[in-house]
Each structure stands twice: as C-alpha cells, then as structure tokens.
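What follows is a single structure, written as structure tokens, with notes after it.
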Amino acid sequence: PALVGQTDFTLEAWINTTATTAGRIIQQRDAGGFDGQYMLTFLADGRIGFVVYGGGYQFNMSSPNSINDGNWHHVAAVRRNGTNGVIYIDGTAVATATSASIAPLLPTLATYIGSDQRDHNNYFNGSLSDVATYPYALSASRITLHAYNGLLGNSGFSVGIVPGGFIADTKPTGSLHAGLNTKSTWSASSTDTGGGSLTRTGVE
C-alpha cells in the first residue's frame, strides 16, 4: 500500500542487471501526479538513486558507485528521523543527505515496481527480487542483516587455526567466498597482554 504523510519509511530490493539505461525499481507515483512521491531508481550509469518529492525535493540523491555488474546486490533507501535520507548497497550506507523539511507522501498515488507509470518509461532491464516497503525506518544493523543473509544464507561457519597461526574459515557447501569486509577496520598495530605482551601489526 501507499505510504502516507511524513512517516519514516524504508524501500528495499535485490537487483541484478548489466543495463546502461535507467529503470525504476519501486515508486509511489502515477499518471495522476508526482507531488507526494518516492522513487528508488536505477540510473543509466549503474548507480542507485533515491527521490522524495512533496512540494519540492526533500531528497534527490544517488550512490557514488555503480552496480550494473551482473551480480545480485541488495539495495535499500531510508527516510529516518524525518529529515535524514540514506542509500545502502549490500548492507553498507553509501550515501546520506539531510533536509530542513519533511516532504509529505500522498497515499492516493499508486505503488509500482519496475517502471515509471507516470510517463510510461524507464522499465527496469534486469532481474528484481524481494521488493519491499516498510512504513518505518529499518535500523542500519537490520539492513546489513538482510543483505548478509541474502548473500551468505543462514548456515553457520567454523574457524580453525592452521599452521603458521592463520585462521581458515569454511562453509558447509559451495565455493569459498572472499568475504564482504562488512564493518571491518584495520589497525596499524595491536598489543595483546594476555599471557605475555605481544604486538601485532596490520590487524583486522
């Protein structure tokens, strides 16, 4: 159903495309108008756009990176705390914006997937899956979990020490995955004082 008024909200989908033409993922907009709309859109250069319009643009933003690489990607856009907009790709926030005012969404506008129903164009050229809207802002950790579960599934993994002190990870089936690097950081050095002082360099 259509989103209403100044509510926080979340849009999300899985997309897979190699397109170099623009296409709508999901929108609240129709032939009757666009004042009170949102759009989660795929741009011709492979980036993701997020638009909220009500008496003017609250958000008209886009991701810095392109994802038209023929792989599945989780994309999400959020209006949080009224005035904050965020675009997520594969569970990571890639673009943010703030606005002094909150654009109201018009509930009489229809919700469409895969095309622009006002102008009858911008058909999405690729695959879409699990498109969803929420009338509230999903937390950053919840969006990361959706992306993680979709890419890696819910199966567990194990870690073990191999000769030389390296950690090898495994998963139950399939090819080994290079990893997502989600929320990983690197330190120049770290000193471990448990059982004797030892300083390691290049610690993840």
Per residue of segment 89-103, what does 6.51 cos²θ - 1.76 cosθ + 1.60 with θ = phi - 60° give for ³J(HN,Hα)? Whole Hz please, x for Gly and Pro, Karplus curve as stated. 10, 6, x, 10, 5, 10, 8, 9, 8, 10, 9, 6, 10, 10, 6
Under 5 Å, built H, 5+ apart or other chain: amide partners of residue 105: 5, 6, 7
For residue 197 and residue 4 in one chain, what is 0.36 nm times their gap in residues minus the Cα-Cα distance, to one decimal in nm? 63.6 nm
Each residue of segment 121-138 in turn: what ³J(HN,Hα) in whole Hz from Karplus with 6.51, -1.76, 1.60 and θ = phi - 60°, glycine and Pro shown as x? 8, 6, 6, 5, 9, x, 10, 10, 8, 6, 6, 8, 10, 10, x, 6, 8, 5
What FRET efficiency comes out for the pair residue 112/residue 204, r = Cβ-Cβ distance, R0 = 25 Å, nearest 0.05? 0.05
Give me the net charge for the shell around residue 119: Cβ to Cβ below 13 angstrom, other residues only, Lys and Arg +1, Asp and Glu -1. +1
Over its Cα atoms, what ratio of radius of gyration to 2.2 N^0.38 Å does segment 1-104 give? 1.03
Can you pull the accessible area of residue 187 for me, 1.4 Å probe, Å² to the nearest 10? 60
Distance between the C-alpha centers of segment 46-61 and segment 15-43? Whole Å please. 10
Amide H neighbours of residue 30 under 5 Å, at least 5 residues apart or on other chains, H built in the peptide plane: list them. 110
Let me check I've understood the local charge: for residue 2, count other residues with C-beta under 11 angstrom from its C-beta, Lys and Arg +1, Asp and Glu -1. What total comes out? 0
Within segment 1-24, the residues whose backbone N lies under 19 Å from a label point placed 7 Å from the Cα of residue 145 along the Cα-to-Cβ direction are 9-14
Applying the Karplus parametrisation 6.51 cos²θ - 1.76 cosθ + 1.60 with θ = phi - 60° to the phi angles of segment 7-13, what ³J(HN,Hα) value in whole Hz is obtained for each residue in order, glycine and proline being reported as x? 4, 5, 7, 9, 10, 8, 6
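The values are calculated or read from the model by the stated rules, or taken from the named source; none is laboratory data. Keep in mind that this is a model prediction, so the values were computed, not measured. Glycine also receives a Cβ, built like all others from the backbone with ideal geometry; neighbour counts cover every protein chain displayed. Protein only, heavy atoms only, side chains kept; ligands, DNA and RNA dropped before computing areas. Shrake-Rupley method; radii C 1.70, N 1.55, O 1.52, S 1.80 Å.
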